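Just so it is clear, none of the values below were taken in a lab; they were calculated from the coordinates. Note that the structure is predicted; figures quoted are calculated from it, not measured. In this analysis, Cβ positions are derived from the backbone assuming ideal geometry, glycine residues included, and neighbour counts consider all displayed protein chains.
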Amino acid sequence: MTTPNQYDLDLKLAELQINGYVLFEDLIPVEKIDRIREAFLPFLETVRAHSDPASGVKLHGHSDDRLVVEGRLQVVNRYTIYVPWEQPFADPEIYENPALLAFLDRYWGTTDYLITCYHSNSPYPGSEYQQWHRDAGISKLVPHVGLEVCPHFGVKFPLVDTCEENGSFEILPSTQYLADPALETRYDEILETGDFPSRRRLNLKKGTLWIQDPRTLHRGTPNRSDHPRPELVICYSLPWFAQRLPIEMTQAEFDKFSERGKKMLANRRIIG
Ligand SMILES: O=C(O)CCC(=O)C(=O)O
Ligand SMILES: [Fe+2]
């Protein structure tokens, strides 16, 4: 189990503010990641089969419309799907991790924030580049204004080691404050033509948890390996930015929460 003291949180805060993302290596035990992956891959396969209309596969227990997020940036063989709020995926040692919450408390200066979504990004072999983009529609919020405080973060953890071959995440650090609407539609053309030496592939070890400022420019990359590269994403938001579908869970799952967990999961729907 990690403690807040394992990391220099002031330094991590500066990394997030300056780079637009921050890594916490060795935050989750590798055995836990392996257990989650073993449960997640069959779930993903079911959704994959279901997304092929010819398969006839039906999903049980979750409303279909929640499972596959709209194909905003979807390209071939890249799956963005909701993660069920159930074991082993919804683990308080992850979503209530003391180092993570101490970090978010410090960044936002309050404990009043919410978990607003649990989803996953899984490029399969054969997936291709995404367009360079920002997430969560956030760049359209206030054109020309670089918000000093980001109201929403994706807290991410890969279920395999990520590398160039299996499609590690690519990011252009320090672009979170760039807010020129004239550039917004031209990033692919610009970044693939000009010289941007700070672009970086996040080749991550299993057990790393990292926080992505959704404004920072990034893209998914081709998976040329022989295995999928799943990553789970828990979204944390300030209440004013929390316009998301509720997270569905059973009463039994909800009853396991700590007081802090109940507060953070205010946007929930009990489904039995
Ligand atoms: O995990 C990846 O490869 C990138 C996914 C992504 O940025 C997105 O779907 O918005
Ligand atoms: Fe993205």
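Structure data summary
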read-out	value
Over the chain, relative contact order from alpha-carbon pairs under 8 Å, at least 6 apart, %	29 percent
Simple label model, 7 Å out from Cα along Cβ direction - ARG201 to ASP91, nm	2.7 nm
Long-range HN-HN contacts of VAL83 with modeled amide H, under 5 Å	TYR118, HIS119, SER120
³J(HN,Hα) computed for each position of region 17-27 - Karplus, 6.51 cos²θ - 1.76 cosθ + 1.60, integer Hz, glycine/proline x	5, 8, 8, x, 6, 8, 9, 10, 6, 6, 7
Rg ratio (alpha-carbon, reference 2.2 N^0.38 Å) - region 167-240	1.28
Most mobile of THR111, THR46, THR193 in a GNM of the chain (Cα contacts under 10 Å)	THR193
Ranked LYS156, LYS256, criterion: other C-beta atoms within 10 Å, fewest first	LYS256, LYS156
Cα-centred dipole magnitude for region 166-272, charges only on beta-carbon of K, R (+1) and D, E (-1), debye, nearest 20	500 debye
Region 171-260: relative contact order in percent, alpha carbon pairs under 8 Å with at least 6 residues between	40 percent
Estimated vicinal HN-Hα couplings, Hz - region 85-90 in sequence order (Karplus 6.51, -1.76, 1.60; Gly, Pro = x)	7, 7, 6, x, 6, 8
3J(HN,Hα) from dihedral phi, region 198-204, Karplus parametrisation 6.51/-1.76/1.60, rounded to Hz, x for glycine, proline	7, 4, 9, 8, 8, 8, 10
Net +/- balance of residues flanking ALA90 in space, Cβ distance below 12 Å, scoring K and R +1, D and E -1	-4
Helix-derived mean residue ellipticity, 222 nm - over the chain, DSSP H n ≥ 4, -39500 (n - 2.57), to 500	-7000 deg cm²/dmol
Sequence-distant residues sharing a close amide H with PHE24 (under 5 Å, placed H)	LEU209, TRP210, ILE211
